[in-house]
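What follows is calculated from the coordinates using simple rules that are stated; it is not laboratory data. Because the structure is predicted, anything quoted here is derived from the model rather than measured. Quick reminder, even Gly has a Cβ in these numbers, built from the backbone with ideal geometry, and neighbours come from all protein chains shown.
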Amino acid sequence: MKLILALLAFVFSTAASSACYMIFAPTNELVWRGMSPPVRMDSPSLQDEIRKIVPNGHLVISNEASTSCPALDLTAPRKTMRQRAEEMKNDQGKPSSSM
């Protein structure tokens, strides 16, 4: 009996540890993915916690062993092409500090 309980505990602990957590934007664009939960799972309202990260986003948890789960984080604000071009133009005007 102890062996069966130990095997069941092992199976469920491996399944829980192999979960893939994904946050999708309202447009169903994947914006966050990882092997660890993005928020505290004991939170009273997971939906509110997810929406703090991605407004109107939703969390999907996959336990499929065949699914790969490489880390992805697109929640940080991204710069537009114009902003990046301005930065590059400003960087070209600065003198080099290497001598």
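Observations
- Environment charge at Gly57 (Cβ cut-off 12 Å; Lys +1, Arg +1, Asp -1, Glu -1): -1
- Protection proxy ranking of 23-33, 81-91, by the mean of other Cβ atoms within 10 Å over each peptide's residues and highest first, is 23-33, 81-91.
- For the range 43-53, backbone phi angles converted through the Karplus equation (6.51, -1.76, 1.60; θ = phi - 60°) give residue-by-residue couplings of 5, x, 9, 4, 4, 5, 5, 5, 6, 6, 7 Hz, Gly and Pro being listed as x.
- For the range 18-91, the dipole from Cβ point charges (+1 on Lys and Arg, -1 on Asp and Glu) about the Cα centre works out to 240 debye, to the nearest 20.
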